[in-house]
Every structure is written in C-alpha cells, then in structure tokens.
Amino acid sequence: MPDASPPRLLIPTLSAVNFIVGMGAFLVVGIIEPIADDFGVSDGQSGALLTTYAILYAIMSPLLVSLTGRIGRRRVLAAGLVVFGLSALFSALAPSLLTLHFTRGMAAMGAGVITPITAAVAAMLVPPEKRARTLAAVFAGLTIAQAVGIPIGGWIAYTFGWRIAFAIVAGLSLPALYLLWTIVPAGLSFSPVSLRDLGNTLRDLPTMAAVLFTATFLASIFTVYTYFAPLLAEMMGFARDGITLALFIFGLGAIAGNYVGGALSDRIGASRTLLWLTLLQIATLPVLSFLPLPVIFLMGFTFVWSVIGWSFGAAQQARLVALDPARAPVLLSLNAASIYVGAAAGSALGAVVIDRSSTSALGIAATAVMIAGLAHLIASDRATARHTRS
C-alpha cells in the first residue's frame, strides 16, 4: 500500500492527457464524411480508419507496455504522448487515405502506451480503498472526450476542414506534454514487467477470462450503440437535432457513470458492482427493441442506460489490479485491448442483426449477449478465486 498521497495535480494531469488521447483516437467518428469527400472514397472506406486504429491498438498495446516495463513511467508516458501528437500532425498533413491509415496506426501505438500506464500509475499510488475512484478520475478524460471533444472536433471539421481538427489535437499535445513532464515524478517505477510477464498472463486462463469480460460486456453495448443513430431515426423518426440531443445526453451519462462506477466499487467491491451493472443492463437493453416511446422518457432512459454502461470501466480495472498488482500494467493494457475487441465484435453483430432482421431487434440481441456476459462474469470470478487459493 502506498505510504503517501500522489502529487496534488497528478490525477488531473493524467485525466487531461487521456482527454487528448480520447479526442484524437475517436475523432474519426465525427469526420468520416469530410475525409471521404476529400479523398473521393466511400464512407465505408473512410470509416475503415477506425478498424486500423483498433487492430493496431489491440496488438501493440500489450507488447509495448511489456517492452517498456523497466523504463521510468514518466519517460514512457512522455514518449507515448510525443508519438501520439506527431501522429495527429502527420494526419493533418496526410496526402492520401493510405498515409492516413499509417498515421492512425502510429496514433494507436502512442495511445496504447499512454492509457494503460496512466491507469497503472494512478492505481499504484493510492491505497486499495481509493483505487476505483482514482481510476475513474483518470479515465474521466476519455469519457469527457466522448461527450464533448468528439462533437467539437466534428464541428471544427465540418466548418474549417478535417485537417484543422487533427492539427488542434497535435497542438493540445504540447501543453499536455509539459504538464506530464512537470507533474509526474521523475524515476517513478513499479515492479518491472516484461514480455515474459505478458506471455505468462496470456497463458493464465483464469486471469485472461477475467480480462476478456471487458470484451463481452462492451460487445453487448456496442451491438446497439454503434447503430443508435439509425435506430433513433427509424424507430423514433428523429432527424439531426433529435439524434444529436440523444447522443449528447448519452455523453452526459457516460461522464456521470464513470464516477458512479468508481464510488460504487470502493463501497461494495468491484466484482459485486460488475454483477449489479450486468443485471441492470439485462433489465434495460430490451427497452430498445420496443420503440417508439415518449421523447422525454427516451431521453431519460438514454441517460440511465449510459450511466449503467459507463460505470463498468473503473470497476473492471479495479478488479484486474486487485487480481495481480505486480502485473497491473500488463493486465490494464490487455484490458484496453479488450475494449476494442468488444467494440468490433458488437458492431459486427449489430450489422448482422440489421441485415437479417431489423434495427428493432438490436435491443434483444444485445440482451442475449449480456446474459452470456453474466455467465462469463460469474465463471471468471469463480475461476480466479480457485486460482488464488491454489
């Protein structure tokens, strides 16, 4: 257990860095059409930039965290942010879509170091009873980026051009780098991790089952969320303003849920929090298959649904850190990779559901995945408990 509190501005600094990472990582969501129009390609070809980012992140994050395990945390975070900032600058200057794919892969490698290490630094510098709330504070930057940064980036792209949006992310990286180097203590290091630790973790089936619960839980959410806009357009008759309002409310719920999950985990425990969140998702997801509903009810429901879903992150991270604190950086990088696995799987399942049935079936399909997630959570908790006793 840490003997002293972390530096006063450390957690806000790590959160600010994650805001820039979140904005830069998901900026493409709001600027698919401008990029497609500029390069003369389809929206699908432009949207494939997200796939490139997700694949490179999932593969490279665990490897890079392991390879840099013996280097001071401040140096690794600074290097990751330099790579991420340069990737945004190169994206703004990209002469072709192929070049943009390379720069998005570069961004994924920078972010793949930053996000799990900020979590590991925060988790290791506070006592266990404050760990989940601290992780929630660090990851508030990512949720705020989803709720605020991405819409602002999209507005900038449509108003001034998508290259300006990337240039702004590159510019924001400079003061963040200064804060990071100034606030994060020099020489900060924990139990070093290596490729051997990564290999041992991958072979540790009970632990990997716990990590992969992230993918199961988020696959259920993204089965619906990826197609939330067309669902609202078809079933509620919403146009631009209605959809924008619903997505903004969802973003507000994400911010609230990030803190609720951390506070709840510290109060009742991470596994119990995850159990309740999974059960609540099973109860709420079917509602999305019974639209239309009164607009006021739908907006309130959207907020509650988002709070429940986004309460997941801090609880799951606290659960993984508690399993094996010494391998926390590796576990958190694998967890971050699992986020993208879950998002990709859920998006793919949603596409199949729409193609073979209808958008109204998305809620039921997501519920079925979450029921499987409940079984996954119970089984992985039992397996890790037996593994720990042995």
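Derivation of every value follows stated rules applied to the coordinates shown; laboratory data play no part. Treat the numbers as computed from the prediction; the structure is a model and nothing was measured. Cβ placement follows ideal geometry from the backbone for every residue including glycine, while neighbour counts extend to all protein chains displayed.
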*What is the chain's relative contact order, in percent, from Cα pairs under 8 angstrom and six or more apart in sequence?*
26
*Packing-based ranking, highest mean first, of 176-185, 212-221 given that Cβ atoms within 10 Å are counted*: 212-221, 176-185
_Compactness of the stretch 313-353 as Cα Rg over 2.2 N^0.38 Å, two decimals_ = 1.44
*Cα gyration tensor of the stretch 112-226, axes a ≥ b ≥ c as square roots of the eigenvalues: rounded (a/c below 1.5), prolate (a/b > b/c) or oblate?*
oblate
_Please list, by residue number, every one of the chymotrypsin sites (Phe, Trp or Tyr not before Pro) in the stretch 273-320 that is coil in DSSP and has at most 15 other beta-carbon atoms within 10 Å._
F290
*A79 paired with L205, simple spin-label distance in nm, labels 7 Å along Cα-to-beta-carbon*: 3.6
*Per residue, what volume in Å³ does the Cα convex hull of the chain take up?*
129
*Subtracting the Cα-Cα distance from 0.36 nm times the residue separation, let me have the gained length for L245 to R8 in nm, one decimal.*
81.7 nm
_Theoretical ellipticity at 222 nm over the chain - DSSP helices of four or more residues, -39500 (n - 2.57) apiece, nearest 500_ = -27500 deg cm²/dmol
*Rank by packing, highest mean first: peptides 352-364, 55-67, with packing defined as the count of other Cβ atoms within 10 Å averaged across residues.*
55-67, 352-364
*Nitroxide proxy distance, nm - points 7 Å out along Cα→Cβ at T159 and A379*: 5.0
*Taking the Cα centre of each part, how many Å lie between the stretch 332-390 and the stretch 34-105?*
26
